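Visitor: Sharing a structure here in structure tokens format.
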Amino acid sequence: MTQGDRLEQWLAQEREVAQRIEAGVGCGVAKPEQVAGRSGLEVMLAMLRGELPWPPIARTLDFQLMEVEAGRAVFQGTPGPNHLNPMGSVHGGWYATLLDSALGCSVHTMMPPGRGYTTAELGVNLVKSIGPKVQRVRAEGKVLHCGRQLATAEARLVGPDGTLYAHATTTCLVFEMK
């Protein structure tokens, strides 16, 4: 598959997901009663179907959840002028937020009902600048370990041509929700 073909595939999937979530309940934060009794994977899938609100940060930083399955989450982002640092390249915080979202949501998919998590450590390595010609990037997070108290995951931020822009790891604390 060529870079152009992959980008077209990404854009088509983005349009389909955006249409579905916008037609649903829209942007916001789910109420406790909306997620009670659901596993993390069930919550994430409900967001993708538009049944639960999607978080406002996605609108603010121009990225969205694209795919989820047990132990995996994929986000797609559109780097743009609102994400530039004083040197004119995409700010490292944008990379970090996209990667943190993929990492955290991959861990979220592993939570049984009544369990939650929080990031205890986030490590991000930026390996290439995202320039103005890069139209989209994807962050794919994958769980490495999920136990009763700790979960670890890794993620990669890539372009449609396979270029690696950054990679990251996380350690999350897992706990009983009250």
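Visitor: Treating cross-link reach as a plain straight distance, find the lysines whose alpha-carbon is under 25 Å from the alpha-carbon of K31, omitting any fewer than eight places away in the same chain.
Guide: Excluding near neighbours in sequence, the set is K178.
Visitor: Using a simple charge model, +1 on the beta-carbon of Lys and Arg, -1 on the beta-carbon of Asp and Glu, nothing else, what dipole does the range 3-176 show about its Cα centre, in debye to the nearest 20?
Guide: The calculation lands at about 120 debye.
Visitor: Follow-up. Residue by residue through the range 114-131, what is 3J(HN,Hα) from phi via Karplus (6.51 cos²θ - 1.76 cosθ + 1.60, θ = phi - 60°)? Round to whole Hz and write x for glycine and proline.
Guide: For the range 114-131, the Karplus curve yields x, 10, x, 8, 8, 5, 9, 8, 9, x, 10, 10, 8, 10, 7, 6, 8, x Hz.
Visitor: Still on this model: Go ahead and run the numbers for FRET between E33 and A120, Cβ-Cβ distance against an R0 of 25 Å, rounding to 0.05.
Guide: E between E33 and A120, to the nearest 0.05, is 0.35.
Visitor: Roughly how tilted is helix 3-23, in degrees to the nearest 10 and between 0 and 90, from the longest Cα axis of the chain?
Guide: 40 degrees
Visitor: In debye, nearest 20: dipole of the range 26-106 around its Cα centre with unit charges on the Cβ of K, R (+) and D, E (-)?
Guide: Taking the Cα centre of the range 26-106 as origin, the dipole is about 80 debye.
Visitor: Right, next: Relative to the longest principal Cα axis of the chain, at what angle does helix 40-49 sit, 0 to 90 degrees, rounded to 10?
Guide: 50 degrees
Visitor: Do any GluC sites (Glu not before Pro) in the range 20-121 lie in a loop, going by DSSP, with at most 16 other beta-carbon atoms within 10 Å of their beta carbon, and if so which?
Guide: Within the range 20-121, the qualifying GluC sites (Glu not before Pro) (loop, at most 16 other Cβ atoms within 10 Å) are E51.
Visitor: Further, regarding this structure: Excluding residues on the same chain fewer than 8 positions from K133, give the lysines whose Cα lies under 30 Å from its Cα.
Guide: K133 reaches K142.
Visitor: Return the FRET efficiency for the residue pair E42, R6: r is the Cβ-Cβ distance, R0 is 30 Å, and the value is rounded to the nearest 0.05.
Guide: E between E42 and R6, to the nearest 0.05, is 0.50.
Visitor: Show me, for the range 134-151, the HN-Hα J-couplings you get by feeding each phi into the Karplus relation (A = 6.51, B = -1.76, C = 1.60, θ = phi - 60°), rounded to Hz, glycine and proline as x.
Guide: 7, 7, 8, 9, 10, 10, 10, x, 9, 6, 9, 8, 9, x, 6, 10, 9, 9
Visitor: On to the next question. The range 26-153: percent of C-alpha pairs farther apart than 21 Å?
Guide: 42 percent
Visitor: Just to be sure I understand the model, the point goes 7 Å from the Cα along the line to the Cβ. What's the resulting E16 to Q149 distance in nm?
Guide: 4.3 nm
Visitor: While we're on this one: Between the range 147-162 and the range 84-146, what's the alpha-carbon centroid distance in Å?
Guide: So the two Cα centres are separated by 8 Å.
Visitor: When only alpha-carbon atoms are used, what values of Rg and Dmax, in angstrom, describe the range 17-97?
Guide: 14.3, 47
Visitor: Any idea what the relative contact order of the chain is, in percent, if you count C-alpha pairs under 8 Å spaced at least 6 apart?
Guide: 22 percent
Visitor: While we're on this one: Can you give the FRET efficiency to the nearest 0.05 for A23 and M87, using r as the Cβ-Cβ distance and R₀ = 35 Å?
Guide: 0.35
FYI, it's all coordinate maths here, none of it is from the lab. As the structure is a prediction and not an experimental result, all values here were calculated from the model. Glycine gets a Cβ as well: all are built from the backbone with ideal geometry, and neighbour counts include every protein chain shown.
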